[in-house]
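This report concerns only the one structure given below.
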Amino acid sequence: MLRDLAKIRDILTPAERRKAAWMLLLVVLMALAETLGVLSIMPFLSVLGRPAVIHENPFLQAAYAHWHFRDERGFILALGLASIAIVVASSLFKTVTLHALNRFVHMERHSISARLLSRYLRQPYEFFLTRNSSILGKNLLSEVDQLLFELIQPLSQLFAQGAIVLAMALLIFLYDPATAIGIVLVLGLLYGAIYGLVRKRLARIGLERQAANGRRYQAASEALSGIKDVKITHSAAAYQAQFEKASRLFSRHMATNDTLSQSPLYLVEATGYSMLIVVALVLLLRSNDIAHVLPALGLYGFAAYRMLPAAQVMYRGFAKLRVSSAALESIHRDLALPDEPAASGDALLAPQREIRLQGIRYAYPSAPDKPVFDGFDLAIPANASIGIAGRSGAGKSTLMDLLLGLLRPEAGTLSVDGVAVDAGNVAAWQRAIGYVPQHIFLADASVAENIAFGVPRDRIDMQAVERAARAAQIHDFVANELPNGYATDVGDRGIRLSGGQRQRVGIARALYRDPPVLFLDEATSALDAQTEEALNEAIRSLSGSKTIVVIAHKEASLRGCQEVVNIGVQSIDSLHGTTEAQ
């Protein structure tokens, strides 16, 4: 448990740790208020059972005289009302404290999710080659909720209710040490025995729950993202079965967790009731005076009323701590991921002479002994248009990722006018690039927002949007055929547009900022021959004013290039890049 508490401390920011300290102070005050509320019942019950106690007890006698009561009946009434007021005030303060605790926990959900997303987004591109996006999404949403509501919230309640149990135990101890020790021992042994029996199972179902939750997210994400392929191949049943298997296991483990967390309450309630009867009988046999038994019984009963639910919450906190340790471990690990250096300034690293790859060696992390390139060289003159050709698997897309600065070569350098592109200036290099991938990602937003991707809606330059759309041969379609023009929503992943239209929106996006460098990776593959030729003509018109690199299978897409580089494959086992200028 101490290790888990240390991880929780690491997850919190310094400001959040200070807030947590204030929460603990509130919890201590709440315990004191609860103690005062329980304690207030004793004078009332004592006087109610035997009014003569007023004159026998110096404190009660002093209060009776100070407030000038004329009869015992009025004093009893005042004691009852005072007890009610103290208990109500205690409950109100407890409500305020619990609200503060709940607000703290819910704001932590926001904070941890936001920081985790920020940490993921600041990882190098290679990180995403080895991590499933569905699992990352699950960590951001489901696992953070699991951590907050099944671990941190129960843990905060554990401390809050633990303070109440401690206060009640001290109160009973001051009144009757032997009885207090007996109650604490019985409760402690009972809950300890139950927790000892289930702790290993709770840890196991915690790990299995996390894995099943990941498979659940993955099956749903893949089925919905690839709905066209799912429909065509009639594979819906397979994805349904995959989801149901993981979802069923996840739900079973959550049900088991809830049962193991809640069931001891009934056993403890029965034990507490039995102990209360036993205490009443012992007190009666010991004193044979109902006036003595009544206030003591009221104290024990009210203390038990406060203590037993608190003890149950503490047990539940321990139980959920075991189940949610896997979520804590996952989020703690990912929040500790090193960041890429933050981008600084708005400078552009635009080529004036050349872009050069020299001595490049690169192998993917999943196959480190099979380099895609080894000793690869390529020079791209500034303001020239270069085509990249080659068979599938030759490394064309990998070459594009190296040029984009998304992949870091194991050996060799990417340089612009002799300046090596590294972690410190890669952002300046990428700001100089307009990139059109083979598969265009479109957000569920308007055409204008997709063209000006990443620009807040109120800061979009509509003149630049239209200029880019005209160059991409899509302005007439948007202006004349879409119901709301550039304000028309394209739907999830651009589902309301055809493949060619999505491709042209992607090309317009690359041209929106009028970059000095333009990279096109199979950018015209989804276009018809007439649109492709018009677009190629537009690209040719940019030759001489921009540096253009085009990757394409079709020769027609490379006709406007001043030079074509063939990426060859030497063997299936070892993919070494070679260049042949045509």
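Of note:
- The listed residues are Ala193, Ala203, Ala163, and the only one of them that is surrounded by fewer than 18 Cβ atoms within 10 Å (Cβ to Cβ), assigned by TED's automatic domain parsing to the domain that holds Thr97 and touching a residue at least 60 places away in the same chain (Cβ under 8 Å) turns out to be Ala203.
- Residues of the range 391-427 satisfying the condition of being within 30 Å of the chain's Cα centre (by Cα) and of a type in the set (A, V, I, L, M): Leu404, Leu406, Leu407, Ala423, Val426, Ala427
- Check on Glu72, surrounded by 16 or more Cβ atoms within 10 Å (Cβ to Cβ) and of a type in the set (D, E, K, R): no
- Residue under evaluation Trp429, criteria (1) in a helix (DSSP H, G or I); (2) closer than 20 Å to Asp521 by Cα; (3) free of Cβ contacts under 8 Å to residues at least 40 places away in the same chain, criterion not met: (3)
- Scanning the range 381-412 for residues that are part of a strand (DSSP E or B), of a type in the set (A, V, I, L, M) and crowded, with 21+ Cβ neighbours inside 10 Å yields Ile386, Ile388, Ala389.
- Considering the conditions (1) farther than 30 Å from Ala6 by Cα; (2) at pLDDT below 85, Glu329 is excluded by exactly one of them, (1).
- Consider the range 166-183 and keep the residues that are within 25 Å of Leu25 (Cβ to Cβ) and without any contact (Cβ under 8 Å) to a residue 60 or more places away in the chain. The one that is surrounded by the fewest Cβ atoms within 10 Å (Cβ to Cβ) is Leu174.
Per-residue answers, yes or no, for (1) over 36 Å from the mean Cα position of the chain (by Cα); (2) not charged (D, E, K, R):
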position: Asp444; (1), (2): no, no
position: Ala452; (1), (2): no, yes
position: Val455; (1), (2): no, yes
position: Val465; (1), (2): no, yes
position: Ala471; (1), (2): yes, yes
position: Asn480; (1), (2): yes, yes
position: Ser498; (1), (2): no, yes
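- Sole residue being in contact with a helix residue (DSSP H, G or I) (Cβ under 9 Å, 6 or more places away or on another chain), modelled with pLDDT under 85, surrounded by 17 or more Cβ atoms within 10 Å (Cβ to Cβ) and assigned by TED's automatic domain parsing to the domain that holds Ala167, chosen from Leu24, Leu39, Leu32: Leu39
- Helices (runs of 4 or more DSSP H) (entirely within the range 435-524) containing at least 2 residues that are touching a residue at least 40 places away in the same chain (Cβ under 8 Å) and out of contact with any Asp or Glu (no Cβ under 7 Å at 6 or more places or on another chain): 447-451, 462-471, 499-511
- Among the candidates Leu378, Leu349, Leu328, Leu406, residue that is closer than 30 Å to Gly560 by Cβ and not assigned by TED's automatic domain parsing to the domain that holds Pro516: Leu349
- Ser498 meets all of the listed conditions (1) modelled with pLDDT of 75 or more; (2) of a type in the set (Ser, Thr, Tyr); (3) buried (at least 23 other Cβ atoms within 10 Å of the Cβ) but one, namely (3).
- Residue among Ile86, Ile76 that is over 15 Å from Pro154 (Cα atoms) and within 44 Å of the chain's Cα centre (by Cα): Ile86
- Among the residues of the range 13-52, those identified as over 46 Å from the mean Cα position of the chain (by Cα) and outside any helix (DSSP H, G or I) are Arg50, Pro51, Ala52.
- Only listed residue being surrounded by fewer than 17 Cβ atoms within 10 Å (Cβ to Cβ) and assigned by TED's automatic domain parsing to the domain that holds Val96, chosen from Ser118, Ser156, Ser113, Ser142: Ser118
The values are calculated or read from the model by the stated rules, or taken from the named source; none is laboratory data. Remember, predicted model here, so these are calculated numbers, not experimental data. Neighbour counts run over all protein chains shown; Cβ positions are idealised from the backbone, glycine included.
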